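This report refers to the structure that appears directly beneath it.
Each value in this text was obtained by applying a stated rule to the coordinates, not by laboratory testing. Given the structure is predicted, the values throughout are model-derived calculations rather than measurements. Cβ sites come from the backbone with ideal geometry, for glycine too, and all protein chains shown count toward neighbours.
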Amino acid sequence: MHLEAAVRPERIVELATRAGVALPDGFGPRGFVWRDLTTFVREYDFLCRIIRSAEDYATVASDYLADAAAKGAVYVDFIVSPAHGWMNAIAYPDLVDALGEALARATRRHGISASLSLTAVRAPGEWFGPDQARRVVREAVAHPSPWVRGFGVAGDVRFDELASYAPAFRAAKDAGLVTRAHCGEGEGARGVEVAMDVLGVDLLDHATDALSDPRTLERIIHERRLVTLCPMAHVLVGLVPSIDRHPAWAAMRAGLRVCLGTDDPVFFRFDVADTYAQVATNAGVDHDALVALTRNAVTCGLLGPEDQTTALSRLDPARFA
Ligand SMILES: [Zn+2]
């Protein structure tokens, strides 16, 4: 899930008031209502304007981890965009240090495991694009953090060829980071093929279009790549007609490895617990399958060995008793 979109709605009011920024139309007590990509980008920018310091980022992470732990979540991976921090003059070391402290505190207090994936953003403007993606990796290498274990690209598929991010991905791999890309979100299976062939990603974020493309799907299954699936987001943005008709469930029966995510809770109004409940109720994914796909998330490489063992023991207490 994206950290910037994990803000509690009441925290949005507090941060906006402090920043002297008016709340946008479409914001209500439960967050935003999804309308379209254009309003989404504007509202996302609004969030990035009110999250103004490394401490704000840490507060957002702490809030979400406390809420998720209270609902039984075992593990959360936050995707965070350092470039949005740079826009607010937040230095990368300050950002990752503050977030690392927040994650460590949440692990101690609530027993929830957490990790950070850095993301570059496909968007117009000086802070985004392939060159800034390389800067993200350079910063990660220059200021290593035990919490930062992933690197990827997200954003709007209308900007930049995905392949143009290849140099950043090569540097991330050299640095030992788990790599991932948002792909196959309304652009066809080709984006997923590029993510695999040109970027060589470990994780496919969304990849929805590939799940209905037999050739690409077979390849993903054969290569045992993990798809991070955000089914509620896919329904709300119109990529799939309804949760029960998501192509992922048939693909899972055919051997696809997935894990479940929420993407942007403040826009889609579904947190991790809601997502699991929806998938269990409306997609007929049974308890054992839900445990198995949670295990996929825990073991995908974003958690260090110790945290991984802790999360597995919480997920499957009988085996670790
Ligand atoms: Zn996303």
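When only alpha carbons of segment 39-106 are considered, Rg and Dmax amount to 12.5, 35 Å. The alpha carbon convex hull volume per residue for segment 1-146 rounds to 111 Å³. Shape index of segment 210-270: Rg/Rh, with Rg the Cα radius of gyration and Rh the Kirkwood radius from the inverse mean 1/r over Cα pairs, equals 0.99. Is the chain rounded, prolate or oblate when judged by the Cα gyration tensor, a ≥ b ≥ c being the square roots of its eigenvalues, rounded requiring a/c under 1.5 and prolate requiring a/b larger than b/c? It comes out rounded by the Cα gyration axes. Sites listed here are trypsin sites (Lys or Arg not before Pro) in segment 133-172 whose DSSP assignment is loop and whose Cβ has at most 12 other Cβ atoms within 10 Å: Arg158. What is the log10 of I(q)/I(0) for segment 169-261, computed with the Debye formula using one identical point scatterer on each Cα and no solvent, at q = 0.19 Å⁻¹? Treating every Cα as an identical point scatterer, log10 I(q)/I(0) equals -0.81.
Working from label points 7 Å from Cα in the Cα-to-Cβ sense, the Arg158 to Ala292 distance is 4.0 nm.
If eta is 1.567 mPa s and T is 4 °C, what Stokes-Einstein diffusion coefficient results for segment 185-321, Kirkwood Rh from Cα pairs, in µm²/s?
In µm²/s, the coefficient rounds to 83.
Radius of gyration over Kirkwood radius for segment 79-236, both on Cα atoms: the Rg/Rh ratio is 0.98. A Stokes-Einstein calculation at 10 °C with viscosity 1.306 mPa s, built on the Kirkwood radius of segment 248-310 over Cα pairs, returns a diffusion coefficient of 124 µm²/s.
At 37 °C and a viscosity of 0.692 mPa s, what translational diffusion coefficient does Stokes-Einstein give for segment 73-144, taking Rh as the Kirkwood radius over Cα pairs? Give it in µm²/s as a whole number. The diffusion coefficient I find is 251 µm²/s. Highest mean packing first, where packing is the average number of other Cβ atoms within 10 Å per residue, the peptides 221-228, 30-37 line up as 221-228, 30-37. Computed over the chain with a Gaussian network model linking Cα atoms closer than 10 Å, the most mobile of Arg18, Arg49, Arg219 is Arg18.
Using helices alone, what [θ] at 222 nm do you get for the chain, with -39,500 (n - 2.57) per DSSP H run of 4 or more residues, divided over all residues and rounded to the nearest 500? Present the calculation step by step, with values, prior to reporting the outcome.
Working: 16 runs with 160 residues, N = 321.
For the chain, the value works out to -14500 deg cm²/dmol.
Among the GluC sites (Glu not before Pro) within segment 1-76, not one is in coil by DSSP while having at most 13 neighbouring Cβ atoms inside 10 Å. Taking a virtual spin label 7 Å from the Cα of Ala280 along the C-beta vector, which residues in segment 243-271 bring their backbone nitrogen under 16 Å of it? Within reach of a label on Ala280, which here means backbone N under 16 Å from a point 7 Å along Cα→Cβ, segment 243-271 contributes 260-261, 271. The DSSP beta bridges internal to the chain are antiparallel in roughly 5% of cases.
Residues of segment 136-162 falling in the label zone of Asp97, defined by backbone nitrogen less than 14 Å from a point 7 Å along Cα to beta-carbon, are 143-146.
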